[in-house]
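I have placed the structure first, in the form of structure tokens, so that the comments after it can refer back to it.
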Amino acid sequence: MPTRTWIMAADSSRGRLFEIVEPHRELREIEDFSNPQGRANNRELVSDADGRFSARHAGPRANSGGQRITPVEHETQLFSKTLARYLEKARSKRRYSKLYLIAPPGFLGLMRENLSKEVRKVTAEEINKGISWFDSRDIARYVQPRRRSRSA
């Protein structure tokens, strides 16, 4: 059975999922997740239908851990959970056997918190870079040297 390698390149506003099927080593994009709220500013995310409260009351909110987070941070957390759930569901269906996770430092930390133990076990490498907007060929070139050195 051929090895199916997935590459998730993500940040707070976009997640792109690629698949490499061995032995052909062809990279193809299989999913594109969008989170426009990840690029928004806090005022844009806070609305009040009646206009009773001004944006100055839309400061940080407390999450379940008691930490103060902004509306944008909250949306980013939800997005990382969505991506993690997708990866877990696909893993349980054996759609991939190896994962490369590429994200900027803060988002990579959120992803790490939300990934299941089983997905973390099949994660070959976490790459600390914000390249979700790169062309698919550039992403393939970025990961290719890492894949060769691991298989040697």
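The values are calculated or read from the model by the stated rules, or taken from the named source; none is laboratory data. Being a predicted model, the structure only gives us computed values, none of them experimental. With ideal geometry, Cβ positions are generated from the backbone for all residues, glycine too; neighbour counts draw on all protein chains shown.
Side notes on the structure shown:
- Residues of segment 67-92 classified as touching a helix residue (DSSP H, G or I) at 6+ places or on another chain (Cβ under 8 Å) and of a type in the set (Ser, Thr, Tyr), total: 4
- Verdict on Leu87 being within 15 Å of the chain's Cα centre (by Cα), closer than 16 Å to Ser13 by Cβ, assigned to a helix (DSSP H, G or I) and modelled with pLDDT of 95 or more: no
- Scan of segment 15-54 for residues that are modelled with pLDDT under 95, under 16 Å from Ser80 (Cα atoms) and of a type in the set (Lys, Arg), ordered by number: Arg39
- When residues of segment 68-95 are limited to those that are within 15 Å of Gln37 (Cα to Cα) and of a type in the set (Asp, Glu), the one surrounded by the most Cβ atoms within 10 Å (Cβ to Cβ): Glu75
- Cβ pairs under 9 Å, 6+ apart, first in segment 61-88 and under 12 Å from Met111 (Cβ atoms) and basic (Lys, Arg), second crowded, with 16+ Cβ neighbours inside 10 Å and at pLDDT 80 or above: Lys81/Leu110; Lys81/Asn114; Arg85/Asn114
- The single condition among (1) more than 20 Å from Ile20 (Cβ to Cβ); (2) at pLDDT below 95 that Trp133 does not meet is (1).
- Subset tally (residues that are out of contact with any helix residue (DSSP H, G or I) (no Cβ under 6 Å at 6 or more places or on another chain) and aliphatic (A, V, I, L, M)) for segment 115-130: 3
- Screening segment 17-39 for residues that are surrounded by 11 or more Cβ atoms within 10 Å (Cβ to Cβ) and either β-branched (Val, Ile, Thr) or part of a loop (DSSP other than H, G, I, E, B) (or both) and picking the one that is nearest to the chain's Cα centre (by Cα) gives Asn35.
- Against the conditions (1) among the hydroxyl-bearing types (Ser, Thr, Tyr); (2) in contact with a strand residue (DSSP E or B) (Cβ under 7 Å, 6 or more places away or on another chain); (3) in contact (Cβ under 8 Å) with a residue 60 or more places away in the chain, Thr123 satisfies every one except (3).
- Selected residue (criterion: modelled with the highest pLDDT) from residues of segment 1-14 that are charged (D, E, K, R) and out of contact with any Pro (no Cβ under 6 Å at 6 or more places or on another chain): Arg14
- Out of Ile102, Ile127, sole residue that is at pLDDT 95 or above, among the β-branched types (Val, Ile, Thr) and part of a strand (DSSP E or B): Ile102
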